[in-house]
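Data first, discussion second: the structure below is written as structure tokens.
Read-outs: derived from the displayed coordinates by stated rules, not from any lab. Note that the structure is a prediction, hence the values are computed from the model and not measured. Don't worry about glycine lacking a Cβ; one is built from the backbone with ideal geometry, like all the others, and counts go over all protein chains shown.
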Amino acid sequence: MKTSYWLMRFALALLLLGMFFGHLASESYRFTDATQGILPFHVLRPLHVSSAYFGIIIGGLACVSLALFEIFPNLKLSKWLKIHLLLWLISICGIFYSYFTKDFSGREYWEFNPIWALPIFLSFVIFLFFILKNLLTEKKWPSYYWMWFTGIVFFLFVFLENYLWIFPYFKNDLISDLTLQWKVNGSIVGAVNQLLYGFSLYMMTKISGNSEMAHKKIAFALYFLGLFNLMFNWGHHIYLVPTSRFIHHLSYIVSMTEWIIFIKIIIDWKKQLSESKKYYYFFPYRFIMASEYWVAINLFLALLLSIPAVNLFTHGTHITVAHAMGTTIGINMMIILAGAFYYIAPPLLNKLTRITLNTLFWLVQSLLFLFILVLVIMGVKKSIWQFSDSSITFSQHQDSLSFIIVVFIVLGALLFFSLAGILLFLMQQSFIKKSKS
Amino acid sequence: MPIVAKFYSFSPLKIFITLSVLFLLFSFSLYLKPHRNKELRNLSTQKQVSAGKEVWQRNNCHTCHQMYGLGGYLGPDLTNIMSKPGRTDAYIKGIITSGVKQMPAFQLSDKELTDLLFFLKAMNETGTANPTDYQININGTYTLKK
């Protein structure tokens, strides 16, 4: 179990680093030449993305492994988690080494030398064995077991696909390769979401004490709808890419099935409102609730962006970034924080801590909302520029945004500080808990 | 009859396997695409285009620039840069080796620069990333303007 806590600490540290690099990178928007700043932007952006996203992946794995310790008192293969953690340590060190030495032989979001993908892949193989060995002792799986299993299996498959470009057969065909690249980026997010949504559902059953919830047909229906989308909806990233029309149409149709999820969320809203009053001061529940509100907001945005006619205007603008940041911070990070509070923080906090955390919680939610709003405004402005006459150059357009860019940097920094407060609190608690037990 | 009933009874495993098989078929149909792309195999500049793509990748140009709107946002989309007025080979090479605004000066060899230009030209020939070249259809899709 200790290993799982270390996995969680590692994830929290990476999330913190990710936001720090993100802040440094955001400052580049104000620079007038490349020599300003601590590190160049093309080093900072990979550092930011990799720290944040690996923080999310490792956080998800930590949550799932902690849940397994709770479910199975005689957990099998728990020693394997040590190897799992070790492999992560090796790969993350390797990735940072790659970036600091400017060895960018990978590609967007995975810029590190592909050699470091190997320990990541192995760590997932180990995790797959670990969860299967335990889950298979039960016959009737709740839907969250399925989600965890799916998350791991699909991550492994898609991660292999992520490196097909190494073969000239794929690399030489510019458009097919671009298509595969975005197939991977779309599905990998889906796989990680399966891990996290599964954990979120598990937490809900624990908190409400209603374990039937995860066995209901509706829970499975939603799981399969998610899986179906993971497999076939990634094409909405590449509506503009001249690949076969079939991919675009399939993705358009599949994406639209998510309206069902959206409508279900709206219908369930009222029930949740009374429930959320009941557990208001229980932080794990609060963060899960926050993640569900962000699901609604982001899903609505995603549904719009998946309509090609809308996508034509938003693609390649900061509206896409708004969606990405909204889901990674609003949904993924909130679920991880819920898990971290659940397993790390004591259920009864003293008044001062409670007030501080309460303030930080609301600060994070409102700053994130404003941050996303500013990104959408930047996106709308860029879209207008793209559709206007071409006499205004890219730099002139960027310069016209200078005020919004300052707001974007300041909001980002404030969001970083408030989230850092919560992360540091959890980090500190994780050590107190350990010395007591 | 009981067998039929059993097959149709709700089983997550069956649905999972069915979906996964469909997904694999879809994936493999995509893997065959480069094989069917005959035009590409006859391209005499293939080697240089690939080498140029590698230069693009190794120098992280995508952290600021986009291709078909995919990539970072600190610089302009470069899908069709080679067909823009005034963007001669010498001009592009000059920008890359001396830098502009937030873009650092990249110390690239002559060969790397030449390969990079092959890549940019090949990218330009794949299509257009300018949204104003497309028209919206009634069913929510869009197609290239005639």
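Odds and ends about this structure:
- Qualifying positions in region A:60-81 - over 10 Å from the mean Cα position of the chain (by Cα) and small (Gly, Ala, Ser): A:ALA62, A:SER65, A:ALA67, A:SER78
- Filter result for A:LEU156 (out of contact with any Asp or Glu (no Cβ under 9 Å at 6 or more places or on another chain), at the interface with chain B (Cβ under 8 Å from one of its Cβ atoms) and surrounded by fewer than 22 Cβ atoms within 10 Å (Cβ to Cβ)): no
- Taken together, B:PHE23, B:PHE28 contain a single residue that is at the interface with chain A (Cβ under 9 Å from one of its Cβ atoms), assigned to a helix (DSSP H, G or I) and not hydroxyl-bearing (Ser, Thr, Tyr), which is B:PHE23.
- Condition met for A:SER211 (more than 20 Å from A:VAL254 (Cβ to Cβ), surrounded by fewer than 19 Cβ atoms within 10 Å (Cβ to Cβ) and small (Gly, Ala, Ser)): yes
- Criterion applied to A:LEU180, A:LEU156, A:LEU118 was being more than 20 Å from A:GLU292 (Cα to Cα), assigned to a helix (DSSP H, G or I) and over 21 Å from the mean Cα position of the chain (by Cα), and the one residue passing it is A:LEU118.
- Selection of region A:382-437 for residues being crowded, with 16+ Cβ neighbours inside 10 Å and of a type in the set (S, T, N, Q) yields A:SER383, A:GLN386, A:GLN398, A:SER418, A:GLN429, A:SER430.
- Within region A:356-378, residues that are crowded, with 17+ Cβ neighbours inside 10 Å have Cβ atoms under 7 Å from residues that are hydroxyl-bearing (Ser, Thr, Tyr) and in a helix (DSSP H, G or I) in these pairs: A:LEU360/A:SER418; A:LEU363/A:SER418; A:VAL364/A:SER418; A:LEU367/A:SER418, counting only partners at least 6 apart in sequence or on another chain.
- Verdict on B:THR63 being more than 17 Å from A:TRP165 (Cα to Cα), of a type in the set (S, T, N, Q) and more than 7 Å from chain A (Cβ to nearest Cβ): no
- Residue within region A:254-276 that is basic (Lys, Arg), without any contact (Cβ under 8 Å) to a residue 24 or more places away in the chain and within 11 Å of chain B (Cβ to nearest Cβ) present: no
- Restricting region A:229-250 to residues that are farther than 23 Å from B:THR79 by Cα and within 22 Å of the chain's Cα centre (by Cα), the residue that is surrounded by the most Cβ atoms within 10 Å (Cβ to Cβ): A:LEU230
- Top-ranked residue in region B:101-124 [being within 9 Å of chain A (Cβ to nearest Cβ), closer than 30 Å to B:LYS146 by Cβ and out of contact with any strand residue (DSSP E or B) (no Cβ under 8 Å at 6 or more places or on another chain); ranked as surrounded by the most Cβ atoms within 10 Å (Cβ to Cβ)]: B:PHE119
- Residue list for region A:221-252, filter: at the interface with another protein chain (Cβ under 7 Å from one of its Cβ atoms) and in contact with a His (Cβ under 6 Å, 6 or more places away or on another chain): A:LEU240
- Hits in region A:315-337 (condition: within 13 Å of chain B (Cβ to nearest Cβ) and in a helix (DSSP H, G or I)): A:HIS318, A:ILE319, A:THR320, A:VAL321, A:ALA322, A:ALA324, A:MET325
- Members of region A:94-119 found to be among the hydrophobic types (A, V, I, L, M, F, W, C) and surrounded by 19 or more Cβ atoms within 10 Å (Cβ to Cβ), listed by number: A:ILE95, A:PHE104, A:TRP110, A:PHE112, A:TRP116, A:ALA117
- Breaking point among (1) free of Cβ contacts under 8 Å to residues at least 60 places away in the same chain; (2) at the interface with chain A (Cβ under 9 Å from one of its Cβ atoms), for B:TYR68: (1)
- Total residues in region A:26-67, condition assigned to a helix (DSSP H, G or I), under 21 Å from A:GLY94 (Cα atoms) and within 13 Å of chain B (Cβ to nearest Cβ): 10
- Any hit, region A:367-377, residues being closer than 30 Å to A:LEU401 by Cβ, of a type in the set (Phe, Trp, Tyr) and under 23 Å from the mean Cα position of the chain (by Cα): yes
- Residues that are farther than 30 Å from A:LYS206 by Cα, surrounded by 19 or more Cβ atoms within 10 Å (Cβ to Cβ) and not hydroxyl-bearing (Ser, Thr, Tyr) do occur in region A:80-92, at least one of them.
Per-residue answers, yes or no, for (1) more than 29 Å from B:HIS62 (Cβ to Cβ); (2) among the hydroxyl-bearing types (Ser, Thr, Tyr):
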position	(1), (2)
A:PHE313	no, no
A:GLY316	no, no
A:THR328	no, yes
A:TYR342	yes, yes
A:ALA345	yes, no
A:LEU349	yes, no
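- Criterion violated by A:ALA345 - all others in (1) touching a residue at least 24 places away in the same chain (Cβ under 8 Å); (2) part of a helix (DSSP H, G or I); (3) under 24 Å from the mean Cα position of the chain (by Cα) satisfied: (2)
- Taking every residue in region A:379-408 that is within 9 Å of chain B (Cβ to nearest Cβ) and pairing it with any residue that is outside any helix (DSSP H, G or I) and of a type in the set (Ser, Thr, Tyr), at least 6 positions away or on another chain, the pairs with Cβ-Cβ distances below 6 Å are A:LYS382/A:THR317; A:SER383/A:THR317.
- Some residue of region A:370-386 being closer than 29 Å to A:VAL64 by Cβ and part of a helix (DSSP H, G or I): yes
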